[in-house]
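Structure record follows, encoded as structure tokens.
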Amino acid sequence: MIDELIVKAEELNNSELLDVHRWSSYPEVNNAVDHIYEEMTQLDNFKGRPTARKRHIKVVILDLYVKWLTDPEMYVAYQRGSDAYQQGRYNKLHISKTTPLIVDDLVSLGYLEHVMGHYGRDGIHTSHYSRMRTTDRLRGLFEEQSITEDMIEKAPNTECIILRDLDENGNKFDVEYEDDNQTIQWRQDLYAYNNLLRVTHIGIPTFPEGGLPTKQRKKSKRKPRRIRINKHNKFVRRVFNNGSWDDGGRFYGGWWQGMPSEWRGRIYINGHTTVEIDYSGLHIVLLYQLEGIDYWNDVGEDPYQLDGWEQSESMRDFLKLVLLSSINSPTIESTIKAVRMEVNFNKEDYGWIQEESIS
């Protein structure tokens with residue numbers, strides 16, 4: 001019984017959040033949505049405006065289908081609370097608390113497999129979102145309507161300039177804001193880039209069909225999650241932090257950002273090989289620049305090697321870890337904690353440190 005629960009927990013852990021901006025205007029997709037909507041009208045207590053209901057049906061079934069194409073075992077996690085779907089610039093399709101109603105109807109019609117979430121009120125058990133994934137019936141409808149992966153995309157007006165902050169509990173949330181000339185220009189530039197990505201084929205021909213297993217703690221009993229290529233995961237957004245346009249501004253979103261370095265060099269763009277630019281020692285070079293020092297002209301040495309320390313590749317990697325952890329941590333204590341966590345987690349690269357400490 002316990003083993004069965006562990007297996008089920010591992011299955012549910014293989015999930016991604018519902019993308020509320022999944023969209024398509026193809027007639028084949030609209031026909032599938034109309035078909036499901038007509039079936040829903042025959043259910044007891046069915047009500048609501050057709051336009052809104054169909055919009056929610058479309059978003060849910062398209063995201064389920066995309067995630068099934070990426071990984072047939074993957075669940076889609078979603079929230080059932082009425083306060084989970086805030087309206088505003090981060091919800092351009094106006095997806096609302098109608099979502100769980102649509103999900104329930106899809107389950108009743110046999111289109112979804114569903115696992116209800118729960119809230120860990122006792123402070124011991126972990127809270128989990130509800131989860132869903134496709135059944136043969138939904139996949140059969142897509143096949144019957146000749147729907148293909150290329151017909152599905154992000155809604156064109158999906159917000160790509162994100163302002164983020166922390167609440168009183170330290171949880172991140174997206175901040176509503178008024179546009180100015182700067183944010184408008186940023187958005188126009190990023191829209192142009194995302195439109196280019198939409199029509200550009202980016203892939204790795206030799207990438208394993210089943211994906212790459214991620215590293216995990218040595219004693220972990222969980223089945224390792226796998227890195228997969230999702231051609232729909234090309235939408236890039238720019239994220240600013242701490243409620244300020246002066247903090248952050250990094251670009252996130254492309255699937256290639258999560259690829260191990262040894263695989264990034266195998267990326268093809270429109271059938272052509274690529275070369276990855278190496279910004280060696282970027283963070284420490286920027287620190288020197290803040291002090292008015294041109295590192296490569298004035299110093300010109302490997303920034304991750306220190307005099308008096310072993311001049312090996314493994315030591316260089318460790319010193320790099322210490323330096324980057326120091327830059328990203330507010331205190332010495334948090335730096336030490338971050339370094340220890342990485343060393344304990346990544347035995348393959350840093351196991352030698354503990355061995356030398358013991359000896």
Item to check | Qualifying residue in region 159-180 (condition: among the polar types (S, T, N, Q) and buried (at least 17 other Cβ atoms within 10 Å of the Cβ)) | outcome: no
Next on the checklist: I need the helices (runs of 4 or more DSSP H) fully contained in region 267-359, keeping only those with at least 1 residues that are in contact with a Pro (Cβ under 9 Å, 6 or more places away or on another chain).
Outcome noted: 282-290, 295-298, 313-328
Checklist outcome for this item: Exception for ILE162 within (1) assigned to a strand (DSSP E or B); (2) closer than 30 Å to GLY265 by Cα; (3) modelled with pLDDT under 95 falls at (3)
Checklist entry - Would it be correct to say that THR274 is at pLDDT 80 or above, out of contact with any strand residue (DSSP E or B) (no Cβ under 8 Å at 6 or more places or on another chain) and not charged (D, E, K, R)? => result no
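Table: residues versus (1) more than 25 Å from ASP19 (Cα to Cα); (2) touching a Ser or Thr at 6+ places or on another chain (Cβ under 9 Å); (3) of a type in the set (D, E, K, R).
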site: ARG228; (1), (2), (3): no, yes, yes
site: PRO260; (1), (2), (3): no, no, no
site: TYR268; (1), (2), (3): yes, yes, no
site: THR274; (1), (2), (3): yes, no, no
site: ASP278; (1), (2), (3): yes, no, yes
site: VAL285; (1), (2), (3): yes, no, no
Checklist entry - VAL299 passes all but one of (1) under 27 Å from ARG238 (Cβ atoms); (2) surrounded by 10 or more Cβ atoms within 10 Å (Cβ to Cβ); (3) among the aliphatic types (A, V, I, L, M); which number fails? => result (1)
Checklist entry - If you check THR134 against the conditions, is it of a type in the set (S, T, N, Q) and at pLDDT 90 or above? => result yes
Next on the checklist: I'm trying to understand the selection: among the residues of region 159-196, which are under 16 Å from SER244 (Cβ atoms) and polar (S, T, N, Q)?
Outcome noted: GLN182, THR183
Checklist outcome for this item: Condition set assigned to a helix (DSSP H, G or I) and of a type in the set (A, V, I, L, M), scope region 22-52, selection surrounded by the fewest Cβ atoms within 10 Å (Cβ to Cβ): answer is ALA52
Checklist entry - Can you find even one residue in region 96-115 that is under 23 Å from GLU159 (Cβ atoms), surrounded by fewer than 18 Cβ atoms within 10 Å (Cβ to Cβ), not assigned by TED's automatic domain parsing to the domain that holds GLY210 and not hydroxyl-bearing (Ser, Thr, Tyr)? => result yes
Checklist entry - Can you tell me which of GLU168, GLU176 is in a loop (DSSP other than H, G, I, E, B), acidic (Asp, Glu) and without any contact (Cβ under 8 Å) to a residue 40 or more places away in the chain? => result GLU168
Checklist outcome for this item: Those residues of region 231-248 that are of a type outside the set (D, E, K, R), within 25 Å of TRP263 (Cβ to Cβ) and crowded, with 17+ Cβ neighbours inside 10 Å come to a total of 4
Checklist entry - Are any residues in region 282-296 under 26 Å from the mean Cα position of the chain (by Cα) and either under 17 Å from PRO205 (Cα atoms) or surrounded by 12 or more Cβ atoms within 10 Å (Cβ to Cβ) (or both), and if so, which ones? => result HIS283
Checklist entry - Restricting attention to region 53-80, and to residues there that are among the aliphatic types (A, V, I, L, M) and touching a Lys or Arg at 6+ places or on another chain (Cβ under 8 Å), which single residue is surrounded by the fewest Cβ atoms within 10 Å (Cβ to Cβ)? => result ALA77
Checklist outcome for this item: Going through (1) more than 28 Å from TRP352 (Cβ to Cβ); (2) surrounded by 12 or more Cβ atoms within 10 Å (Cβ to Cβ); (3) within 32 Å of the chain's Cα centre (by Cα) one by one, ILE277 fails only at (2)
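Per-residue answers, yes or no, for (1) within 30 Å of the chain's Cα centre (by Cα); (2) outside the structural domain of ASP247 (by TED's automatic domain parsing); (3) not hydrophobic (A, V, I, L, M, F, W, C):
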position	(1), (2), (3)
PRO303	no, yes, yes
LEU306	no, yes, no
SER312	no, yes, yes
PHE318	yes, yes, no
ASN328	yes, yes, yes
THR331	yes, yes, yes
ILE336	yes, yes, no
ARG340	yes, yes, yes
Checklist entry - Just for region 18-53: of the residues that are farther than 17 Å from LEU112 by Cβ and among the basic types (Lys, Arg), which one is nearest to the chain's Cα centre (by Cα)? => result ARG49
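The values are calculated or read from the model by the stated rules, or taken from the named source; none is laboratory data. All values derive from a computational prediction rather than experimental measurement. In this analysis, Cβ positions are derived from the backbone assuming ideal geometry, glycine residues included, and neighbour counts consider all displayed protein chains.
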